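K.L.:
My questions all concern the structure below.
The values are calculated or read from the model by the stated rules, or taken from the named source; none is laboratory data. A quick note: this is a predicted structure, and the numbers were derived from the prediction, not measured. Cβ: placed from backbone, ideal geometry, glycine included. Neighbour counts: every protein chain shown.
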Amino acid sequence: MLEELKEIRLKAFTELGSASDFKELEQWRIRYLGKKSRLTQILRSISTLSIEERRNTGAHANAMRKSLEEALEEKSHALKTSHFAPSLENRVDITLPGYPIPIGRSHPTTQTIEEICQVFQNMGFQIFEGPDVEWDYYNFEALNIPADHPARDMFATFWIDSNRGMKNRLLRTHTSPMQIRVMEQLKPPIRMIVPGRCYRYEATDTTHESMFYQVEGLAVDKNITMADLKGTLFDFCRCIFGDERKVRFRCDYFPFVEPGVEIAIECLACHGNGCRTCGYTGWIEILGAGMVNPNVLRGVGLDPDVYSGFAFGMGVERIPMLRYGIDDIRLFYNNDIRFLRQF
């Protein structure tokens, strides 16, 4: 049996040296290391031999199997190298670094919303979110805008007709409805902001979109005054646009606040000297605000003689447009990667 093992070893190594491809190598493996190979049969029959023969034959057979397996691995590696090396040398420089994987990032609108929220969170405001599809009551009536109020003309509304033909649902025109929903559920003190999408049925141009983002804010408590409103929004403007930026308050009208104000900042392009960006006024309006109208407080069961509050709202896209000199709001929604990767 030892002589037979020597013959098998010699023949196996001779044939292995002449194997030129993976198919021949696999045939060789089956022939000399497979389950039906002569070497495997010898290993299985060792138990039938005498103790002395078992010791010698088993040692030689196991050593031979190990040497054949090592030779097979070396031959396989050599074939792989010879097979793939020419194609790699001709087509790929394996010493070059791989292609970089693009890293995702937040949309500029998302970045701005997160920054706004962080500023107000630092002041103690909570963040709330509300539904995009809203009831007429919350979007208009509870905000001191009844059905026959001329202020409804300020909001070009997407109405959703119910099965009964009644126009009582709509795509919210502002995030202000959450003021009412929160005041119905929570007792003062309340400090809240509401980021979210809003919808207006109007033609799109460089400064208007039918869908846009807005952040609404509300604070209600005892003894809140216009000074609190001014202090809060002064701090916000300086956090967003810089400590050196001048801020201006002027009277304005909004049906759910009384008195109402508009807040403008010094033009970032001309620094107050007047240019096309600011309409040669030196100022750019960024948000509207005011003291909560007593009718709104009464509607949610709060006594306006005891409680007062202020509210404000701003378009989110307007801030990066001013910061970065973007002249068309539609760029935020075109999903042009050349524009988005700049932020």
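K.L.:
Within the stretch 204-241, how many residues turn out to be within 16 Å of GLY260 (Cα to Cα) and among the basic types (Lys, Arg)?
P.N.:
Adding up the residues that qualify gives 1.
K.L.:
Still on this structure: Kindly evaluate GLU134 against the criterion of being in the same structural domain as PHE241 (by TED's automatic domain parsing), in contact (Cβ under 8 Å) with a residue 24 or more places away in the chain and part of a strand (DSSP E or B).
P.N.:
yes
Residue-by-condition table, conditions (1) in the same structural domain as LEU79 (by TED's automatic domain parsing); (2) among the aromatic types (Phe, Trp, Tyr); (3) without any contact (Cβ under 8 Å) to a residue 40 or more places away in the chain:
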{"site": "LEU25", "(1), (2), (3)": "yes, no, no"}
{"site": "ARG29", "(1), (2), (3)": "yes, no, no"}
{"site": "TYR32", "(1), (2), (3)": "yes, yes, yes"}
{"site": "LEU39", "(1), (2), (3)": "yes, no, yes"}
{"site": "ILE42", "(1), (2), (3)": "yes, no, no"}
{"site": "SER47", "(1), (2), (3)": "yes, no, yes"}
{"site": "GLU52", "(1), (2), (3)": "yes, no, yes"}
{"site": "ARG55", "(1), (2), (3)": "yes, no, yes"}
{"site": "MET64", "(1), (2), (3)": "yes, no, no"}
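Yes/no per residue for (1) hydroxyl-bearing (Ser, Thr, Tyr); (2) in contact with a Lys or Arg (Cβ under 6 Å, 6 or more places away or on another chain); (3) at pLDDT below 95:
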position: CYS117; (1), (2), (3): no, no, no
position: GLN126; (1), (2), (3): no, no, no
position: ASP136; (1), (2), (3): no, no, yes
position: PHE158; (1), (2), (3): no, no, yes
position: ARG169; (1), (2), (3): no, no, yes
position: GLN179; (1), (2), (3): no, no, yes
position: LEU186; (1), (2), (3): no, no, yes
position: ARG191; (1), (2), (3): no, no, no
position: THR206; (1), (2), (3): yes, no, yes
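K.L.:
Can you report the number of residues in the stretch 212-238 which are polar (S, T, N, Q) and either under 15 Å from GLN121 (Cα atoms) or not assigned by TED's automatic domain parsing to the domain that holds ARG298 (or both)?
P.N.:
Final tally of qualifying residues: 1.
K.L.:
Among what's in the stretch 293-343 and is among the aliphatic types (A, V, I, L, M) and over 34 Å from the mean Cα position of the chain (by Cα), pick the residue that is nearest to ILE145 (Cα to Cα).
P.N.:
VAL296
K.L.:
Hey, any hits in the stretch 204-222 for a residue that's more than 25 Å from ILE326 (Cβ to Cβ), in contact with a Gly (Cβ under 8 Å, 6 or more places away or on another chain) and surrounded by fewer than 20 Cβ atoms within 10 Å (Cβ to Cβ)?
P.N.:
Pass one, the stretch 204-222, residues more than 25 Å from ILE326 (Cβ to Cβ): 218-222.
Among the residues that remain, those that are also in contact with a Gly (Cβ under 8 Å, 6 or more places away or on another chain) are: 218-221.
Subsequent filtering for residues that are surrounded by fewer than 20 Cβ atoms within 10 Å (Cβ to Cβ) retains 221.
Among the residues of the stretch 204-222, at least one is more than 25 Å from ILE326 (Cβ to Cβ), in contact with a Gly (Cβ under 8 Å, 6 or more places away or on another chain) and surrounded by fewer than 20 Cβ atoms within 10 Å (Cβ to Cβ), which makes the answer yes.
K.L.:
For the subset of the stretch 133-159 comprising residues that are among the acidic types (Asp, Glu) and exposed (fewer than 14 other Cβ atoms within 10 Å of the Cβ), which member is farthest from ARG172 (Cα to Cα)?
P.N.:
ASP148
K.L.:
Grab the helices (runs of 4 or more DSSP H) fully contained in the stretch 11-124, keeping just those with 3 or more residues being farther than 30 Å from GLY315 by Cα. Give the steps one after another, and end with the answer.
P.N.:
Numbers: elements: 22-33, 38-45, 51-91, 108-122.
Counting at least 3 such residues, we get 22-33, 38-45, 51-91.
K.L.:
Condition first: more than 27 Å from HIS77 (Cα to Cα) and modelled with pLDDT of 80 or more. Now tell me which residues in the stretch 6-43 satisfy that.
P.N.:
Taking the stretch 6-43 first, the residues more than 27 Å from HIS77 (Cα to Cα) are 41-43.
Passing the criteria: only GLN41.
K.L.:
Separate question: Restricting the search to the stretch 34-69, which residues are over 14 Å from ARG9 (Cα atoms), surrounded by 13 or more Cβ atoms within 10 Å (Cβ to Cβ) and among the basic types (Lys, Arg)?
P.N.:
If the condition is that a residue be over 14 Å from ARG9 (Cα atoms), surrounded by 13 or more Cβ atoms within 10 Å (Cβ to Cβ) and among the basic types (Lys, Arg), then ARG54 is the only one that fits.
K.L.:
Which residue is nearest to the chain's Cα centre (by Cα), if the candidates are limited to the stretch 176-224 and must be part of a strand (DSSP E or B), of a type in the set (Gly, Ala, Ser) and under 30 Å from LEU331 (Cβ atoms)?
P.N.:
GLY196
Residue-by-condition table, conditions (1) within 23 Å of GLN111 (Cα to Cα); (2) surrounded by 15 or more Cβ atoms within 10 Å (Cβ to Cβ):
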| position | (1), (2) |
| --- | --- |
| ILE265 | yes, yes |
| ARG276 | no, no |
| TYR280 | no, no |
| ILE286 | yes, yes |
| GLY301 | no, no |
| VAL316 | yes, yes |
| ASP327 | yes, no |
| LEU340 | yes, yes |
